[in-house]
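What follows is a short report on a single structure.
The values are calculated or read from the model by the stated rules, or taken from the named source; none is laboratory data. Everything quoted here is computed from the prediction, not taken from an experiment. Because the Cβ atoms are built from the backbone with ideal geometry, glycine has one as well, and the counts that use them run over all protein chains shown. Quick note on the areas: whole protein, heavy atoms, side chains included, nothing else; ligands and nucleic acids left out. Shrake-Rupley method; radii C 1.70, N 1.55, O 1.52, S 1.80 Å.
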Amino acid sequence: MDKAAIIGVGMTAVEANKATDTFADMAWEAVNKALEDAGMTLNDIDNIVTTSNDFWDGRTISCMAVSDASGARSKNVSCVEGDGAFGAFYGLTRVLSGSYGTTLVTAHSKGSESISSLITNAAFDPIYDRALGMDIITACALQANAYMSRTGTTAEQLARVSVKNHGNACQNPLAQLPMTLTVNDVLDSEMIADPLHKLDCSPVSDACCAVIIANEERAAGCREAPVWIKGAAFCSDAFFLGDRDLSRAPALTQAAKKAFDMAGIERPADDIDVVELYDAFTYQELMWLEAMGFCEDAQAGKKLENGEFDRNGTLPVNPSGGLLSGHPVIAAGLIRMAEIVKQLRGDAGACQIAGARRGVAHGANGLCGQSHCVWVLEK
Amino acid sequence: MGKKRVAIVGTGQTYHKSHRPDVNGQELINEAVQRALTDAELTIGDIDAIVIGNMDHFEGINYVDCWSVDGSGGTMKPIIKLTTGGTTGSTLAIGGYHMVASGMFEKVLIIGWEKNSESDTTGAITTAFDPIWDRLVFAGAISGLAAEAQAYMAKYGATEIDGARVSVRDRKHACNNPHAQLRKEVTIEEVLESPMLADPIHLLDVCPRTDGACAVIMASEDVAETITGTPDWIWATANRHKYTYLGDVNWGELDSIAEASREIYAKVGIREPRKEIDVIELYQPYSFAGIIWIEDLGIVPRGKGAEYIHSGATDMGGELPVNPSGGVIACNPIGATGLIRCAEAALQVMGKAGDRQVPDVNLAISTGFGGCMWTDILLHGKEKPDF
Amino acid sequence: MAEMEHIIIESGEASQPFNYAVGLHGSKFFQELRDNRRILGTKCPACGKVFVPPRRVCGECFVEMNEFVEVGPGGTIGTFTILRYAFIDPETGEQKPVPYGYGFIRFDGADTLFQHYIDIDDEAKVKIGARVEPVFSEERKGTIKDILYFRITD
């Protein structure tokens, strides 16, 4: 892969309800922050990829809302529908193709504007599944049970993910839900869908994130040292929940392996300094870590208990607080990438993991993590 | 890995119809996919990534790229969805191009589809526009297009007869295209006598509603010539999704196609498109666009579009045939339509267009249209480009 | 074997309610419209264009706009059509009454067009360039329906 880097990142705060902001307002904020971060103006942006979802936005051509605010009026532009990490991948190909030297990638959603269970229910097959009235939480509850049953991961271990991530969010001024919790707080919180308690679940939030990707030549002109893209890959599993082994994430394993191979990484746990992954639910953090090969199958819960994924552990995971502390769907994976960029630059403020040089960012799409996108970044 | 030149090596389409109750969306997609694979003599195992799109609210399915893996063949493959409204199909083609040109994937399957029969087309199009400012009065695509026609007619004196002549052309061309939905000619009188939908657009001036899918396989230069003896090389792509509110549009001139085409001509060194382009598959959702947008493309000067159309220059056998496939007026499965234009241009370049073949095609243009008067353009070429 | 049927599953009425944020610029427009029957646009500090509806960013210049200017209330028809075909309005779920006039109005002093209904009582008068003025609702709530329609004053 030719050299390409992320040279600017910007994001709004993650909030429960940005009542005074339209999608365009959020995009304007994130895009300008990213441009300032890169030391660039819109003239330095060769093309734009926005990421949004029509159902979440209540708008059939959701990208239309953010066009002007993303600087797209007189530039080549496209739109990915899916998690922002995938949007960034397409933005990367548009640089690697040689057509453009820089791509501005944005991703947004405002979960506050709709009833999320109706939105996620619409992801189910209209012929066989939708009438059952499931949504993302009930589907993920199925997956959590399957995973816990197969691996022996316990409810306490899940709860510990929530404790860690909400606690990490206390250092993140942009996080929605910084909280100091105990395992019992999580286990005592309302049971939403067995085995997921309220504090096992991420909220549904509002936010927008923007990143700027550049080829090697254009990266030389940016304000801060570029963060190089060493590997990037994505892969989708089957669709029907019944067609899949919900206790495993083979698509993530495949994507991660491809990304690590591109980056020349053979032992991720040793070679990676920090991970930001898609923890929409507590069990997912453990499941995704195993699937990506950061630890042996069924071992993540124990390693978490040993403190290995804490901020001062051997492999810090979600030092930003992750999605459990604020989940703007669609923007989520792009924010993971932005957080890793900040970590590798030494710009992560109170969330900083000392000496982080190589990081992994992860985004997911579809029900129960059907599709995954993995990025390996290096300073 | 690095930058690669990219060619279309195979295409497939369904036989587009107003209703396909015999298949669900996945099966519809699969028909097009199987045809494209057969055309390219490849199997799904040869495909490295899938780029797919439609307009979500037409089928009422969220995360539809995830939902459709059984039809697309995407299980355990990289799948990504692009969607930009009416321009989706051409946006997908451009997406596939970059995925291959980047060197990240060698063979990419691009799928555009729509099952418009499954929902209320006008309703879903109306919700594409701003809920606070634009939805009250807007009545789906036809209303905006009618406003464009009114503005152009007031300025240049074009008439309903000029528009109707475009419909006559495309409906005649469609008779050569076994995939087109509407394969019966119409006369100017029939167009003018058909019900008025929104002044000045009559029913026969405008596209139908269609269920259909299209698949295109793009491959990198490393393998394209081993897959087919007649690859269709993608010379350039450009687009403009210019406006966010309908009231910002410069009615009567399609700024987006003017800007995007200028970019392509400059990139490639085209000075006289009328002479240098051999065929255009124009995403022309209604008849008057066939007059206005060829002016914006720089084929003829402003105000001269109607004259050019009446001269027969854009008919089969003319100087610059437009829509040998019959275009959008004969067939419009919205998420596929832009990709069908791309596939049809590819067939022209590859010499596989059967009864609708234009002779000696070297350079072809395919366009997409949608949203707030947006445009995507691809330039196709028989020769491998040297850039 | 019995002949195969093509089964169709109907979703029934599927509604997804939304609370769409208007933003501060749009909110100001609606407040002025509701309280004072005045029309506001925003002016770009770079190119000087006046945008109606008002919005935060000038798309051409990529610059923030915070200067509000009053426009109209009269204006001209920029372009229009007359809708004659019946369709279901997705916002109400009911058939839209047709025919109706669909206009893009250029308020005096504005550089962009504003969509709204045009009175088509006398279709012959509905022309590009015709002068129009808004007819306000007596009861205004701060939405685009606070204007009922535009009538032709030529």
Could you work out the relative contact order of chain B? I mean the mean sequence separation of Cα pairs under 8 Å and 6+ apart, divided by the number of residues, in percent.
26 percent
From the Cα gyration tensor of region B:291-334, with a ≥ b ≥ c the square roots of its eigenvalues, which class applies: rounded if a/c is under 1.5, or else prolate if a/b is larger than b/c, or else oblate?
oblate
Take residue A:150 and residue C:139, extend 7 Å from each Cα along the Cα→Cβ direction, and tell me the distance between the two endpoints in nm.
5.9 nm
Using a 1.4 angstrom probe on the protein heavy atoms only, line up A:198, B:382 by accessible area, largest first.
A:198, B:382
Between the modelled labels at residue B:159 and residue C:6 (7 Å from Cα along Cα→Cβ) the distance in nm is 4.2 nm
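Taking a ≥ b ≥ c as the square roots of the eigenvalues of the Cα gyration tensor of region C:1-63, is the shape rounded (a/c under 1.5), prolate (a/b larger than b/c) or oblate?
prolate
Would you please name the GluC sites (Glu not before Pro) within region A:274-325 that are DSSP coil residues with at most 12 other C-beta atoms within 10 Å of their C-beta?
Passing both the DSSP loop test and the Cβ count: A:296.
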Residues in region B:84-123 reached by a label modelled at residue A:131 [backbone nitrogen below 13 Å; 7 Å Cα→Cβ]
none
How about residue C:127: which lysines have a C-alpha closer than 30 Å to its C-alpha, ignoring those fewer than 8 places off in the same chain?
B:155, B:242, B:304, C:43, C:49, C:96, C:145
Give a quick list of trypsin sites (Lys or Arg not before Pro) in region C:1-96 that DSSP marks as loop, anything other than H, G, I, E or B, with at most 11 other Cβ atoms within 10 Å.
none
18 Å cut-off, amide nitrogen to a point 7 angstrom out along residue C:60 Cα→Cβ, residues in region B:129-170
none
Going 7 Å from the Cα of residue C:123 in the Cα-to-Cβ direction, what parts of region B:185-202 have a backbone nitrogen less than 16 Å from that spot?
B:192-202
Using θ = phi - 60° and Karplus 6.51 cos²θ - 1.76 cosθ + 1.60, couplings along region B:326-339 (whole Hz; Gly, Pro as x):
x, x, 6, 5, 9, 4, 8, x, 3, x, 8, 3, x, 6
Need the full-extension length gain, residue A:271 to residue A:225, defined as separation in residues times 0.36 nm minus the C-alpha distance. One decimal, nm.
14.5 nm
Ignoring ligands, DNA and RNA and using a 1.4 Å probe, state the total buried accessible area between B and A in Å², rounded to the nearest 100.
5100 Å²
Within chain B, what is the longest stretch that has no GluC sites (Glu not before Pro) placed in a DSSP loop and near at most 15 other beta-carbon atoms within 10 Å?
B:42-184
May I ask you to compute the full-extension gain from residue B:311 to residue B:193, defined as 0.36 nm times their residue separation minus their alpha-carbon distance, rounded to one decimal in nm?
40.2 nm
From the square roots a ≥ b ≥ c of the eigenvalues of the alpha-carbon gyration tensor of region B:228-387, which class results: rounded (a/c under 1.5), prolate (a/b over b/c), or oblate?
rounded
Gap in Å between the Cα centre of region B:1-80 and the Cα centre of region A:31-107?
24 Å
Using only the alpha-carbon atoms, how far is helix C:23-36 inclined from the longest principal axis of chain C? Give it as 0 to 90 degrees, nearest 10.
70 degrees
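Suppose a student asked you for the relative contact order of chain A, using Cα pairs under 8 Å spaced at least 6 residues apart; what percent would you report? Don't jump to the answer; show the numbers that get you there.
Numbers: 930 pairs, mean separation 94.3, N = 379.
Over chain A, the number comes to 25 percent.
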Hey, got the dipole for region A:108-212? About the Cα centre, +1 on K and R Cβ, -1 on D and E Cβ, debye to the nearest 20?
260 debye
Work out the mean other chain Cβ neighbour count within 10 Å for the residues of C:50-60 and drop it here as an integer.
6
Give me the distance in nm between label points sitting 7 Å out from Cα along the Cα-to-Cβ direction at residue A:182 and residue A:240, one decimal.
4.7 nm
Expressed as a rounded percentage, what relative contact order does region B:298-363 have, with Cα pairs under 8 Å and six or more residues apart?
21 percent
Cleavage-rule hits, GluC sites (Glu not before Pro), region A:148-256, DSSP coil, Cβ neighbours within 10 Å at most 10:
A:190
Ignoring GluC sites (Glu not before Pro) that are buried or in helix or strand per DSSP, and keeping those with at most 10 other beta carbon atoms within 10 Å, what is the longest stretch of chain C between them?
C:14-93
Longest chain A segment clear of chymotrypsin sites (Phe, Trp or Tyr not before Pro) sitting in DSSP loops (not H, G, I, E or B) with at most 15 other Cβ atoms within 10 Å runs A:241-379
Might you list the cysteines of chain A that have no disulfide-compatible partner by the rule of another cysteine's Cβ under 4.7 Å?
A:140, A:170, A:201, A:208, A:209, A:222, A:235, A:295, A:351, A:368, A:373
Have a look at A:162, A:87, A:346 and report the one farthest towards the positive end of the charge dipole of chain A, computed about the Cα centre with Cβ charges (Lys/Arg +1, Asp/Glu -1).
A:346
